[in-house]
Amino acid sequence: MRQRQATQGARRAREFEAFVAGAGGRLLQAATLLTAEAPDDNPRARRLLTLSLAHTYACWDRLRGEDPYDRARQYLALRFAHGGWRRGGLVRGRPHPASPLARLGPQERLILVLRLYEGVAEEQAAALLGLPVERVHTICDRATAHLLHPPRGPAPAVGRAKVAAS
């Protein structure tokens, strides 16, 4: 009995290691985009990835044909959403100014990463986040427009003469 459990545990560990080797980089990139950190300095993204992989490993035996990448991505997104929107936990640090998504809010980043980087359909993203499909569509459009056409700074004052103090 013990030998069979040890064999199953070793098989489970090998399968999970293969999954992490194949999917870990893409999940880390998604987490880095969510947290808007620099790719070489991303402690919050690494923490988010670790939590997601730990959850996926804990339910590994219950997946039964379900894609482990989908499970890990869902947990990553939900953990970011719950930690980011409500308690400020994973977005407490400042975004890196060089990050392309630094100008967006956490909700906009999450929906943009799910829709454009991960290729999740609007309906699936809406179901995952508990939002109406129209809201996901609107947020995605607004965030995309904000990235493509960033707001300009204040216009310089033209035609104003400086008054000399006498």
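The values are calculated or read from the model by the stated rules, or taken from the named source; none is laboratory data. None of these values were measured; they are calculated from a predicted model. For neighbour counting, all protein chains shown are included, and Cβ atoms are generated from backbone atoms with ideal geometry for every residue, glycine included. Heavy atoms of the whole protein, side chains included, go into the accessibility calculation; ligands, DNA and RNA do not. Shrake-Rupley method; radii C 1.70, N 1.55, O 1.52, S 1.80 Å.
Conditions tested, residue by residue: (1) over 17 Å from the mean Cα position of the chain (by Cα); (2) hydrophobic (A, V, I, L, M, F, W, C); (3) under 30 Å from Gly105 (Cα atoms).
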| position | (1), (2), (3) |
| --- | --- |
| Phe16 | yes, yes, no |
| Gly22 | yes, no, yes |
| Ala36 | no, yes, yes |
| Ala45 | no, yes, yes |
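Can you find a residue that is free of Cβ contacts under 8 Å to residues at least 60 places away in the same chain, open to solvent by 80 Å² or more (accessible area, probe 1.4 Å) and not in a helix (DSSP H, G or I) anywhere in the range 14-36? The answer is no; no qualifying residue exists. Residues in the range 65-82 that are more than 17 Å from Ala126 (Cβ to Cβ) and without any contact (Cβ under 8 Å) to a residue 24 or more places away in the chain: 4 in all. Among the conditions (1) open to solvent by less than 60 Å² (accessible area, probe 1.4 Å); (2) closer than 15 Å to Arg109 by Cβ, the only one that Leu63 does not satisfy is (2).
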